[in-house]
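Okay, so here's the structure we're looking at.
The values are calculated or read from the model by the stated rules, or taken from the named source; none is laboratory data. Because the structure is a prediction, the values reported are computed rather than measured. As a convention, Cβ positions derive from the backbone with ideal geometry for all residues, glycine included, and neighbour counts pool all protein chains shown. Ligands, DNA and RNA are stripped out before the accessible areas are found, and what is left, the full protein with its side chains, is counted by its heavy atoms. Shrake-Rupley method; radii C 1.70, N 1.55, O 1.52, S 1.80 Å.
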There are 2 protein chains.
Amino acid sequence: MALRRLARAQLSEVADELRSELIRVGSEVGGHFAGSLGTVELTVALHYLLDTPRDRLVWDVGHQAYGHKALTGRLGGLMKIKKADGPSGFLRREESAYDAFGAGHAGTSVSAALGMVEAARRTGSGARVVAIIGDGAATSGMSYEALNHAGHLGSPLRVVFNDNGMSIAPNVGGLSKTRRARHYFESLGLAYLGPVDGHDLDALLPAVESLLAAPGAAVLHVRTQKGRGFAPAEADPYKWHATTPFERATGSVKASGNGGAPSWTHAFADALIRVAERDPRVVAITAAMPDGTGLDRFAKRFPDRVYDVGIAEQHAVTFAAGLAADGLRPVCAIYSTFLQRAFDQVVHDVALQKLPVTFVLDRGGLVGADGPTHHGVLDFAYLRIIPHLVVAAPRDENDLEGLLAAAVDSGRPFALRFPRGAATGVTLLSEPKALPIGRGELLRRGSDVALLGIGRTVPVAMKIAELLAERGVRASVLDARYVKPLDAELILATARATGHLVTIEDHAGLGGFGSAVLELVARELPRTPVRIHGLPDRFTDHGDVNAQYRATAIDPESVAADTLAWLRPAAHARPREREESPRVA
Amino acid sequence: MALRRLARAQLSEVADELRSELIRVGSEVGGHFAGSLGTVELTVALHYLLDTPRDRLVWDVGHQAYGHKALTGRLGGLMKIKKADGPSGFLRREESAYDAFGAGHAGTSVSAALGMVEAARRTGSGARVVAIIGDGAATSGMSYEALNHAGHLGSPLRVVFNDNGMSIAPNVGGLSKTRRARHYFESLGLAYLGPVDGHDLDALLPAVESLLAAPGAAVLHVRTQKGRGFAPAEADPYKWHATTPFERATGSVKASGNGGAPSWTHAFADALIRVAERDPRVVAITAAMPDGTGLDRFAKRFPDRVYDVGIAEQHAVTFAAGLAADGLRPVCAIYSTFLQRAFDQVVHDVALQKLPVTFVLDRGGLVGADGPTHHGVLDFAYLRIIPHLVVAAPRDENDLEGLLAAAVDSGRPFALRFPRGAATGVTLLSEPKALPIGRGELLRRGSDVALLGIGRTVPVAMKIAELLAERGVRASVLDARYVKPLDAELILATARATGHLVTIEDHAGLGGFGSAVLELVARELPRTPVRIHGLPDRFTDHGDVNAQYRATAIDPESVAADTLAWLRPAAHARPREREESPRVA
């Protein structure tokens, strides 16, 4: 690495250039640049003093690692960050030898790095290992588990505690205070060094050298400023955590051009406000994502009825269970992919005790730009196997509110999920209809085949029905609405009427909605064919979400073509006279 | 509660009697008495000073709460603890109003109690809330997440830190040291009181009063001795964590009468030793269960090749991923139910990066006495949806070693699971056969129906085939061995040959092995009926495991009867001439 041939005096120039490049690229393409602006000097210092990639530098999450990407040959790529042909927004071993360990979810770096320390000892590789963890990620339980184990082993693990006082929002907990941070790490058996100003290379370089020279497990407390060097982000790092393209001079954000329907996130926040207005038992919980979940919007209306617990999904769920056990109706708003962190708590603390906790999973389905660590494509499968839990997905904003009301009113453990991005823009009902648990809705009646959608794929199913109608195939369309309990009566009646079922879901093709339908039909109508359309059994990269659905063949055209071929193996290429199916209210 | 009408001077007598009763009952029926012997005075003090059940006393795990059960009307019940007609070995809200929150998995008490503190504030109930957490459970990340949130909120949560220096095995980490404990809790924003001798009521009572009087979140450090008052357990608390019935005078354990085949756990340990002898890359990881997983046996052979990370499943998995990323072949031995804690890490840190980590899930299926918190009946479902992950289950000890070797040799993410209790007792092969990934085995050939078993249900399927043969039905029996990837070729060939498939699994009937077979058959042979036998969609209580399988109708007799009725709806009651099916090697 050319960096390591420079004199120390030249490094601040490198850092300045790097920062300037990050601001330039950020202004052009947007992204998570504020975190990375805070770690510029740290990144330079670590790569200067370590022999990466032989030495192992393990980042956490990845939002702080754009500078790392730039220094390790990916500066040009940053212009295409998170695009299908550009680098990931996080760390990926496949992307660079310098990405020692993949990242995306918070709090993994210390665990992985400790494993690498032990691997280096056993293989005799001589690699030094440094984990970087932010004070936000350090609120995650797994980082504590790892630090406790590291202190216990006393292995030469080196941790950089990158303290900018922020998670995405201001951080939960007091580890930014020097005395607290020292006591925390020392209590777990790590030597504590610092704090040091993370933007002063003259102080930072010797501090990192001391860290590397520490005999056992040690942590260096580095204070950094999120958004450093870009005044608007320094002034409002919460707003600037992630950004769309902006004017460098003024910081004014360029219009993103996504007018039209409000997002599912906003629709959820508004629906939750209305539900909470009717029911004083309702409180809301986020795991360090007040903005991403819409709960900052809810908090403006009900500032005392929302909890930010930190990046702590396990606690979020069991805390909710405690609230519910003593009379409240908590709503846990957690992205689909992050609720994976609390799978056991959903089973053990909520469902087993039949407690009235509502889980609201945003970012269900493919999420596009954030890629494989962030897609929410396993949730139907891991949730529907849990006894007592209701699992649902709304097809539009009215159903979202109807399901949320059903969840809170029912007093049952309840999960509902919706995708990232714009909702449907449907006109909101002044009195949203109650949506009885376990009841779907027949939207269109046809005699040849039934198309079963759930949530985002209900409009997809409607579109498929139209495409099929053009080819003379009359399709029923059913909004299942509930993955659990399924509307068995409606599904079986539709199966009897059509003889063929096709399920479509923005979820893994294994174990999800389609499998639930299949299980039902196998039991009740065993010779009725069911064809499942879901995502293939592999991780999906980052990229454009619509292109991803096309590539995985769960877009309307692909499913329509497949259905034709399935129904008419010999003749599917032959168009028939167009007929219209009656639409069913 | 009568206890609260006593004078303080009488409480030590109450404690002595309670301890004596616990030892008496423990000697008669066995169980987790050592932990509860350490909390006798604490239990008396808390119930004396709190107004339970109006005030909320939240225990963690439950192994320390036998005294609590005895004091709250369940002393008589303890003689039947963990039996179908007796109390749970853990805490259950359904069992007593004094069980404020259910328990079983470690580290949940602080989260739940904090929720109750907030619920009390909002509902104005005036309830005081005390969480008890052991130093073992405090190694769990979720307890840290909860403490951090509690310190941040500053709510009047009261925590008793029950420090006996032990998890089940000696504890990981240094929080037993006074200075470290003080620094740890203070760093998270809690007031620290203590330490106090947990067996000296004269010191303990005022200390608990101080805790209750603390204005905000506070913790009282109580030192206790596991096994207190029973000399053999004091001397060897690890051995006595759980016990079978014993002689009170001598501590000699009564013969448990379960001679015969060694346990699956021992078979795994022995197999792992042999695999590790051949491959120096193999290291083993346990999350505070060296005995339960068999790794204490492995550690005798390879003391430097095993890690106990504490009750820290999330870290265990990502630590393993770090080891694997840099050249080792870690084997993570975690009970099926506890791996639920690390679902996200299996997805995000292991499978996504295709790292060669082997997960060995003991206690798959129903576990009997430990009940709903400990059954391992969701694992096929939550693991098989993860891309890249291989999921398997051995039918006997040789296959266990063959699968373990396949896992380590393959370099793929790999999970294998087996049940609690005795293995089959099969003669061990000197050179266990390699078991190619994705290949099942046809064990018996018949033309009427195919019975597909996996792991523990393979012998069940063989028995069913015999019962069917007595009724003139010729059944094939197939050991699927791999839930993922399925042996599609063999399963489809068998389906074609028989026309009817029956799957049997000691796992939830939703989303598991049967569903995987169903998905395959629906895709490839859509009109072939498949009948799934798994556990019903509810939590199964504690009790005798064989009775439980009978009650859930996945014992041989029930499945055979169901299969007959399914194949011959009209005539299934009519016996046919007995014929023997040829056995297939």
Which one of these does residue A:184 not meet: (1) open to solvent by less than 10 Å² (accessible area, probe 1.4 Å); (2) in contact (Cβ under 8 Å) with a residue 12 or more places away in the chain? (2)
For residues in the stretch A:118-136 being open to solvent by less than 10 Å² (accessible area, probe 1.4 Å) and more than 7 Å from chain B (Cβ to nearest Cβ), which is farthest from the chain's Cα centre (by Cα)? A:129
If you scan the stretch B:70-82, which residues turn out to be touching a residue at least 12 places away in the same chain (Cβ under 8 Å) and surrounded by fewer than 18 Cβ atoms within 10 Å (Cβ to Cβ)? B:73, B:75, B:79, B:80
Selected residue (criterion: nearest to residue A:211 (Cα to Cα)) from residues of the stretch A:1-41 that are in contact with a Ser or Thr (Cβ under 7 Å, 6 or more places away or on another chain) and surrounded by 24 or more Cβ atoms within 10 Å (Cβ to Cβ): A:39
Residues in the stretch B:226-245: is at least one surrounded by 21 or more Cβ atoms within 10 Å (Cβ to Cβ) and more than 27 Å from residue B:14 (Cα to Cα)? no
Give the residues of the stretch B:158-189 that are of a type in the set (A, V, I, L, M), within 14 Å of chain A (Cβ to nearest Cβ) and in a loop (DSSP other than H, G, I, E, B), sorted by residue number. B:169, B:172, B:175, B:188
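Yes or no, residue by residue, for (1) open to solvent by 10 Å² or more (accessible area, probe 1.4 Å); (2) more than 10 Å from the chain's Cα centre (by Cα); (3) of a type outside the set (Ser, Thr, Tyr):
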{"position": "B:359", "(1), (2), (3)": "no, yes, yes"}
{"position": "B:363", "(1), (2), (3)": "yes, no, yes"}
{"position": "B:366", "(1), (2), (3)": "no, no, yes"}
{"position": "B:371", "(1), (2), (3)": "no, no, yes"}
{"position": "B:376", "(1), (2), (3)": "no, no, yes"}
{"position": "B:383", "(1), (2), (3)": "no, yes, yes"}
{"position": "B:398", "(1), (2), (3)": "yes, yes, yes"}
Residue A:510 vs. criteria within 13 Å of chain B (Cβ to nearest Cβ) and either modelled with pLDDT of 95 or more or open to solvent by less than 10 Å² (accessible area, probe 1.4 Å) (or both): yes
Can you tell me which of (1) at pLDDT 95 or above; (2) more than 14 Å from chain B (Cβ to nearest Cβ) is the one residue A:495 doesn't meet? (2)
Odd one out for residue A:192 among (1) within 11 Å of chain B (Cβ to nearest Cβ); (2) outside any strand (DSSP E or B); (3) of a type outside the set (Gly, Ala, Ser): (2)
With criteria (1) open to solvent by less than 10 Å² (accessible area, probe 1.4 Å); (2) assigned to a loop (DSSP other than H, G, I, E, B); (3) more than 8 Å from chain A (Cβ to nearest Cβ), residue B:85 comes up short on (1)
Of the numbered conditions (1) over 28 Å from the mean Cα position of the chain (by Cα); (2) closer than 26 Å to residue A:382 by Cα; (3) not aliphatic (A, V, I, L, M), residue B:515 satisfies every one except a single condition; which is it? (1)
Output the number of residues of the stretch A:346-370 satisfying the condition of being at the interface with chain B (Cβ under 10 Å from one of its Cβ atoms), within 24 Å of residue A:514 (Cβ to Cβ) and in contact with a Ser or Thr (Cβ under 9 Å, 6 or more places away or on another chain). 1
Among the residues that make up the stretch B:70-81, is at least one of them at the interface with chain A (Cβ under 7 Å from one of its Cβ atoms) and either in contact with a helix residue (DSSP H, G or I) (Cβ under 8 Å, 6 or more places away or on another chain) or within 21 Å of residue B:15 (Cα to Cα) (or both)? no
Checklist (1) touching a strand residue (DSSP E or B) at 6+ places or on another chain (Cβ under 6 Å); (2) open to solvent by 40 Å² or more (accessible area, probe 1.4 Å) applied to residue A:425, failing item: (1)
Within the group B:205, B:193, which residue is closer than 22 Å to residue B:14 by Cα and not small (Gly, Ala, Ser)? B:205
Residues of the stretch A:518-532 satisfying the condition of being of a type outside the set (S, T, N, Q) and either at the interface with another protein chain (Cβ under 7 Å from one of its Cβ atoms) or open to solvent by 20 Å² or more (accessible area, probe 1.4 Å) (or both): A:518, A:519, A:522, A:523, A:524, A:525, A:526, A:527, A:529, A:530, A:531, A:532
Looking at (1) within 30 Å of residue B:199 (Cβ to Cβ); (2) touching a residue at least 24 places away in the same chain (Cβ under 8 Å), can you tell me which one residue B:264 breaks? (1)
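Could you look through the stretch B:299-341, keep only residues that are without any contact (Cβ under 8 Å) to a residue 24 or more places away in the chain and either open to solvent by 10 Å² or more (accessible area, probe 1.4 Å) or within 23 Å of residue B:421 (Cα to Cα) (or both), and pick out the one that is nearest to the other protein chains (Cβ to nearest Cβ)?
Ranking the candidates gives B:326 first.
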Which one of the conditions (1) under 29 Å from the mean Cα position of the chain (by Cα); (2) in a loop (DSSP other than H, G, I, E, B); (3) buried (at least 19 other Cβ atoms within 10 Å of the Cβ) does residue B:221 fail to meet, given that it meets all the rest? (2)
Which number in (1) surrounded by fewer than 23 Cβ atoms within 10 Å (Cβ to Cβ); (2) out of contact with any helix residue (DSSP H, G or I) (no Cβ under 6 Å at 6 or more places or on another chain); (3) within 9 Å of another protein chain (Cβ to nearest Cβ) marks the one condition that residue A:202 misses? (3)
Of the criteria (1) within 26 Å of residue B:342 (Cα to Cα); (2) in contact with a strand residue (DSSP E or B) (Cβ under 7 Å, 6 or more places away or on another chain); (3) part of a helix (DSSP H, G or I), which one residue B:132 fails: (3)
